[in-house]
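The values are calculated or read from the model by the stated rules, or taken from the named source; none is laboratory data. Values in this document were obtained by computation on a predicted structure and should not be read as measured data. Using ideal geometry, Cβ is built from the backbone for each residue, glycine included, and neighbour counts are taken over all protein chains shown. All accessible areas refer to the heavy atoms of the entire protein, side chains included, with ligands and DNA or RNA removed. Shrake-Rupley method; radii C 1.70, N 1.55, O 1.52, S 1.80 Å.
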Amino acid sequence: MDQKRIVLGGLGAALVMMVGEFAVEPLFSSMQERFFSRLGLPLPGESAMIWLAVTLLVLGYVTVCMYAEFSFRSGAGFGIAAATGALVWLLSCFLPNVTLYTFGVVDGQFYLLTSAWPLVEIVVATVVGAAIHDRKRARRAAPVAS
């Protein structure tokens, strides 16, 4: 695996996830305020946003690593990228959210919104990261004109 292509694709995927997270925050802010208030916790501050960004960088990198491995074995393309994104969402979002919902930490509406939006976000981010990864590979494999 070419680490440079994976890093570039991971950065692209992370950027899409960051834009998605920060764009949707105003829509969820009242629910988040109620959630943290119910738990007796202060609202996340600037440092939480920094940690979110770092986490998304790691998630973007890991996602494109997974895509690179799957595409090596099954072929590159949109389908493999979308399936990889769905798998990443399942492991990083859906299963933890099910646990939080089951233990009553989050209510049904908050659970649905915080599960549905990341599915779209992570799949789109994975497709973008995969395209960046594959474009670099395609350039390298293209014949040189004489």
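Taking the condition of a type outside the set (S, T, N, Q) and under 14 Å from the mean Cα position of the chain (by Cα), does Leu39 pass?
Here the answer is no, as Leu39 does not meet what is asked.
Which numbered condition trips up Ala14, out of (1) among the small types (Gly, Ala, Ser); (2) surrounded by 14 or more Cβ atoms within 10 Å (Cβ to Cβ); (3) under 18 Å from Tyr111 (Cα atoms)?
Only one criterion in (1) among the small types (Gly, Ala, Ser); (2) surrounded by 14 or more Cβ atoms within 10 Å (Cβ to Cβ); (3) under 18 Å from Tyr111 (Cα atoms) is unmet by Ala14, namely (3).
Every residue in the stretch 33-47 that is among the small types (Gly, Ala, Ser) and surrounded by fewer than 11 Cβ atoms within 10 Å (Cβ to Cβ), please.
Of everything in the stretch 33-47, those that are among the small types (Gly, Ala, Ser) and surrounded by fewer than 11 Cβ atoms within 10 Å (Cβ to Cβ) turn out to be Gly40, Gly45, Ser47.
Kindly list the number of the only condition in (1) on the phi < 0 side of the Ramachandran plot; (2) open to solvent by less than 70 Å² (accessible area, probe 1.4 Å) that fails for Gly77.
Just one mismatch for Gly77, condition (1).
Scan the stretch 56-71 and give yes if some residue there is open to solvent by 30 Å² or more (accessible area, probe 1.4 Å), without any contact (Cβ under 8 Å) to a residue 40 or more places away in the chain and of a type in the set (Ser, Thr, Tyr), otherwise no.
Scanning the stretch 56-71, I find no residue that is open to solvent by 30 Å² or more (accessible area, probe 1.4 Å), without any contact (Cβ under 8 Å) to a residue 40 or more places away in the chain and of a type in the set (Ser, Thr, Tyr), so the answer is no.
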